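The values are calculated or read from the model by the stated rules, or taken from the named source; none is laboratory data. What you see is a predicted model, and the numbers here were worked out from it, not measured in a lab. Note that each Cβ is placed from the backbone with ideal geometry, even for glycine, and that neighbours are counted across all protein chains shown. Surface accessibility is based on the protein's heavy atoms, side chains included, excluding ligands, DNA and RNA. Shrake-Rupley method; radii C 1.70, N 1.55, O 1.52, S 1.80 Å.
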Amino acid sequence: MMDRSRVVRRRLGFGGTLLAVLFACASLTPSLLPRTWLFQGVMGAVTGILGYGVGATAGALGRAAIPYRLPERGRRAAWQIMIGGCSGLTVVALWYSIDWQRDVRALMGMDVRINWFPPVILAVAVTLFALCLLLARLVRLAGRRLIDWLDRYVPAYVGHIAGVLIVASVVAVFADDVLFSGFLNTMSDISSVTNEGTHPGVRRPGSAKVSGGPGSLVAWDSLGREGRRFTGTASTVSELTAFSGRPATEPIRVYVGLGATSSPRQQAAVAVRELERTGGFGRPVLAVLGTTGTGWVDQHIADSLEFMYNGDTAMVAVQYSYLPSWVSFLADRHKAAAAGRALFEAVRARWDRLPPGHRPRLLVAGESLGSYELENSFRDLTDLVARTDGALFVGPPNANHIWNHLTTQRDPGTPVWRPVYQGGRTARFAQHPADLWRPRSPWQPPRVVYLQNATDPVVWWSPTLIYHRPAWLEGPRGPGVNPQMNWFPLVTFWQVLVDMTAAMSVPPGHGHRYGANIVDGWAAVAAPRGWTASDTWRLRALVSAP
């Protein structure tokens, strides 16, 4: 009877099988955030097929460079040892994966009682791996047939090169024009329908001070789902008065959705006219806000500033997409940058026309892709502070060019997850409120604040994770980062990418949840005269209330 190792050898390569198991087992190790058993199974398959590809390629190159092959007995022994070792490693990794996930949850104060099914994880991973491998081998078979056909008419080396290039081109075109484009079209169709809806409890406002209300230049129906929530949930005068104990002013919120116009310049022009209509340029504070892919504005950013100034504020934002943020980041980043530049430049140009003594404080703020949107309005930190009166960026993606520069050029001895740039004289980074006041050196206005959690995958995910160990896994770990997390080529890239799916499913202060810390960020950047630490704590409690 044929032994099991011989059956496997006939269907799989040694190097590919070895690295497939090693990569899949590495994917079971802890990352930044907890994950579900289903995502773990999918990730095991993805990393496994990547490992197989790397191992198979390395094996082919090795055989080409060194033609020597072990005798049959040696190959059989090597396979038996490898199968036994990989089986044992898989069992151990699956066993420990339960405790690893519990440890990650415990670090974040989450319930450690979880549903984790190692046999099901293994079954999902093996099934998806087999399907991917079958598809890859069908492509390889087609390539070989094509090369054999070409070799009949052209020299062998020409046929081989042409065959490889043709197959690679077909695969690339299929992946981009069929799979990726089809995915984007599907997501666009779904998101466009969602964009037409309205969040429960949101009603068309009766205030003329917000877009979509009476006299607005922007129709309520054109705002989109998130735009309607932004303008339809503005803080009320009664709420503001109850907090401050003084008569409040009706806040101004301007928003231009894709339903009004899809041109960034036209959106910006409409937004400026809306600010003029509502009297936004006459308020003490004017904030230009960035939006995420769906057009969402973090309510904490808007509400906190309104309560600080007792409603005497104006805010403006535009929608550049209705796709989810992670899809927009892949496909619409250029749209975010164009929208941010057009809006800020239009607002700034109108602001410049005001008499110097009658200009509001011009602030910029954004979360996630919204921070990327507005950062792209400026060349660098110097340009940012020269043309604004302060900035608050929350959970900035790794692609933010100003953030990236400040982080890579941080002062020696400061960690990447809490960097200090030029002694903290202009820009500061924080996960906890106390971080804003470190170092204790002078912090001159205009001030720039970056709120970033050490466990936020939006901040730390980068294509360089494929081949480079990140600085945030060197030296002391940031708050909440599992000390057992390690870097593995290719694998960590996918782990952190999958972490994004859980970024909003963890308690505030972890993942992509910033909560009441946004209050402290605004208090550091643009606190009104007379604002106290007690006021900050009261406002933190208010915005944290369910």
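Checking ILE402 against (1) in a helix (DSSP H, G or I); (2) at pLDDT below 95; (3) not polar (S, T, N, Q): exactly one of these is not met. Which one?
Condition not satisfied by ILE402: (2).
Note down all Cβ pairs under 6 Å where the first residue falls in segment 271-292 and is open to solvent by less than 10 Å² (accessible area, probe 1.4 Å), the second is among the hydrophobic types (A, V, I, L, M, F, W, C) and in a loop (DSSP other than H, G, I, E, B), and they're at least six residues apart or on different chains.
The qualifying pairs are GLU274/LEU217; LEU289/VAL297; THR291/VAL297.
From the list PRO205, PRO155, pick out the single residue that is open to solvent by 60 Å² or more (accessible area, probe 1.4 Å) and out of contact with any strand residue (DSSP E or B) (no Cβ under 8 Å at 6 or more places or on another chain).
Only one candidate passes the filter, namely PRO155.
Would you mind stating whether LEU18 is open to solvent by 60 Å² or more (accessible area, probe 1.4 Å), in contact with a Cys (Cβ under 9 Å, 6 or more places away or on another chain), among the hydrophobic types (A, V, I, L, M, F, W, C) and in contact (Cβ under 8 Å) with a residue 40 or more places away in the chain?
Answer is no for this residue.
Condition first: part of a helix (DSSP H, G or I), under 14 Å from PRO30 (Cβ atoms) and among the charged types (D, E, K, R). Can you find one or more residues in segment 472-481 that meet it?
no
Of the conditions (1) over 30 Å from THR278 (Cβ atoms); (2) exposed (fewer than 15 other Cβ atoms within 10 Å of the Cβ), VAL167 clears all except one; give me its number.
Result: VAL167 passes all but (2).
Among the residues of segment 27-39, write down those that are more than 16 Å from SER87 (Cβ to Cβ), among the hydrophobic types (A, V, I, L, M, F, W, C) and out of contact with any Asp or Glu (no Cβ under 7 Å at 6 or more places or on another chain).
Hits for segment 27-39 are TRP37, LEU38, PHE39.
Which pairs turn up if I take residues in segment 131-148 that are at pLDDT below 90 and look for partners that are surrounded by 12 or more Cβ atoms within 10 Å (Cβ to Cβ) and not β-branched (Val, Ile, Thr) with beta carbon separation below 7 Å, at least 6 apart in sequence or on another chain?
What qualifies is GLY143/GLY163; LEU146/GLY163; ILE147/GLY159; ILE147/HIS160; ILE147/GLY163.
Counting only residues that are farther than 14 Å from ARG105 by Cβ, out of contact with any Ser or Thr (no Cβ under 7 Å at 6 or more places or on another chain) and among the hydrophobic types (A, V, I, L, M, F, W, C), how many does segment 491-513 have?
6
Quick check on my filter: what residues within segment 210-265 are farther than 19 Å from THR294 by Cα, open to solvent by 20 Å² or more (accessible area, probe 1.4 Å) and among the polar types (S, T, N, Q)?
Hits for segment 210-265 are SER216, THR236, SER238, THR241, SER244, THR249.
Taking into account only those residues within segment 369-395 that are assigned to a loop (DSSP other than H, G, I, E, B) and touching a strand residue (DSSP E or B) at 6+ places or on another chain (Cβ under 6 Å), which is surrounded by the most Cβ atoms within 10 Å (Cβ to Cβ)? Can you show your working first?
We begin by selecting, within segment 369-395, every residue assigned to a loop (DSSP other than H, G, I, E, B); these are 376-380, 388-390, 395.
Checking the rest, the ones that are also touching a strand residue (DSSP E or B) at 6+ places or on another chain (Cβ under 6 Å) come to 388-390, 395.
Details: THR388: 22, ASP389: 19, GLY390: 22, GLY395: 25.
Result: GLY395.
Do we have ARG418 as in contact with a Gly (Cβ under 8 Å, 6 or more places away or on another chain), charged (D, E, K, R), touching a residue at least 24 places away in the same chain (Cβ under 8 Å) and buried (at least 17 other Cβ atoms within 10 Å of the Cβ) here?
The answer is yes for ARG418.
So LEU362 fits all but one of (1) open to solvent by less than 10 Å² (accessible area, probe 1.4 Å); (2) in contact with a Leu (Cβ under 8 Å, 6 or more places away or on another chain); (3) farther than 25 Å from PRO284 by Cα; what number is the exception?
Unmet condition: (3).
Cβ-Cβ under 9 Å, sequence separation 6+ or interchain: first residue in segment 205-233 and farther than 18 Å from ALA268 by Cα, partner crowded, with 20+ Cβ neighbours inside 10 Å and among the acidic types (Asp, Glu). Which pairs?
Short answer, once both residue conditions are applied: THR233/ASP303.
Report whether or not ALA533 is without any contact (Cβ under 8 Å) to a residue 12 or more places away in the chain and among the small types (Gly, Ala, Ser).
yes
Going by the structure shown, is ARG538 touching a residue at least 40 places away in the same chain (Cβ under 8 Å), farther than 24 Å from ASP389 by Cα and of a type in the set (D, E, K, R)?
yes
All but one of (1) open to solvent by 50 Å² or more (accessible area, probe 1.4 Å); (2) more than 29 Å from LEU18 (Cβ to Cβ) hold for ARG140; which doesn't?
Going through the list (1) open to solvent by 50 Å² or more (accessible area, probe 1.4 Å); (2) more than 29 Å from LEU18 (Cβ to Cβ), ARG140 breaks only (2).
Only one residue in VAL120, VAL139, VAL124 is more than 22 Å from SER31 (Cβ to Cβ) and of a type in the set (A, V, I, L, M, F, W, C). Which one?
That would be VAL139, the only listed residue that is more than 22 Å from SER31 (Cβ to Cβ) and of a type in the set (A, V, I, L, M, F, W, C).
Quick one: which of ARG69, ARG75, ARG35, ARG63 is surrounded by 15 or more Cβ atoms within 10 Å (Cβ to Cβ) and more than 27 Å from GLN495 (Cβ to Cβ)?
ARG75
Mind checking which residues of segment 344-368 are in contact with a Phe, Trp or Tyr (Cβ under 8 Å, 6 or more places away or on another chain) and in a strand (DSSP E or B)?
LEU362, VAL364, ALA365, GLY366, GLU367
Which number in (1) in a helix (DSSP H, G or I); (2) open to solvent by less than 60 Å² (accessible area, probe 1.4 Å); (3) among the aromatic types (Phe, Trp, Tyr) marks the one condition that TRP116 misses?
It fails just one condition, (1).
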